[in-house]
Amino acid sequence: MSLLALMSLFLLADPAHARSLAAPTTSNAEMTRLYNEDQSDREPDEIDWDKVTARDEQRRLATRALLTAGALHTAEDYEHAAFIFQHGSKADDYLLAHTLAMVAVGKGDKSSLWIASATLDRYLMMIGKPQVYGTQFRGSMGQEPYDRNLVSDALRSELGVPGLARQAEQLEALRAARAAAVKP
C-alpha cells in the first residue's frame, strides 16, 4: 500500500477529521431567519411585549428542534441560537444560551464572547445571584445585584464588556432617557 493511501486511511479513520470534512460551512438558513425575526421584534420604539413574548417562545421551540436535529454547524448558527435563548423566560433558557455562545466562541467567533458574558449574567441573576460582568441593566433600578469585584475591567475588556466607568455612564444615560420619556 502506498504512503498516500495509508495517510488517506488514517485521516478518514479520525472521527474529528471526518466530521470537519462533512460539516457544512454555510449557516443554517432557518436559524438565520429565526434570529433576524428575533432582532426585528426588538427594533420598534413601541414594542408589544405580549406578542413578542409569544413569538420568542415559538422561536425557542423551533431553535430547539434545529439543535435536536443536529442542524446547527457554524459559529454563526450557535451565536444566533444563543440570542434566541437569551430572550427566554427561565434560568435554563439563559444557561443554554450561555452554552450555545461558548460553542460559537469555540468555533472561532470571538465576538460571541459578549453574548456568552451577558447570558451568564442573566442566568446568575435569574437564580438569585449577583451578575459578575455588568451586562444586565434593569431600567432605573440599575444593575443590582452586581458583584463588581470578582471580575476586573481588564477581563471585562477581553470579553467585549465595557468597564465599570463606562457602565456607570450607560446607566446614567438610561436613567436620563427614562426620566425624559416620563415627563409630560
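The values are calculated or read from the model by the stated rules, or taken from the named source; none is laboratory data. Bear in mind that the values here come from a model prediction, so they are computed numbers and not experimental data. Ligands, DNA and RNA are excluded from the accessible area calculation, which covers all protein heavy atoms including side chains. Shrake-Rupley method; radii C 1.70, N 1.55, O 1.52, S 1.80 Å.
With all protein chains in place and a 1.4 Å probe, the accessible surface of the range 66-113 carries 56 percent carbon and sulfur.
With protein chains left intact and a 1.4 Å probe, residues in the range 66-176 average 47 Å² of accessible area per residue. Taking each residue as 0.36 nm, the span from K51 to D147 lengthens on full extension beyond its C-alpha to C-alpha distance by 31.2 nm.
Need one word for the range 41-170: rounded, prolate or oblate. Basis is the Cα gyration tensor (sqrt eigenvalues a ≥ b ≥ c); a/c below 1.5 gives rounded, then a/b vs b/c decides.
Values: a/c = 1.91, a/b = 1.29, b/c = 1.49.
Note, shape of the range 41-170 comes out oblate.
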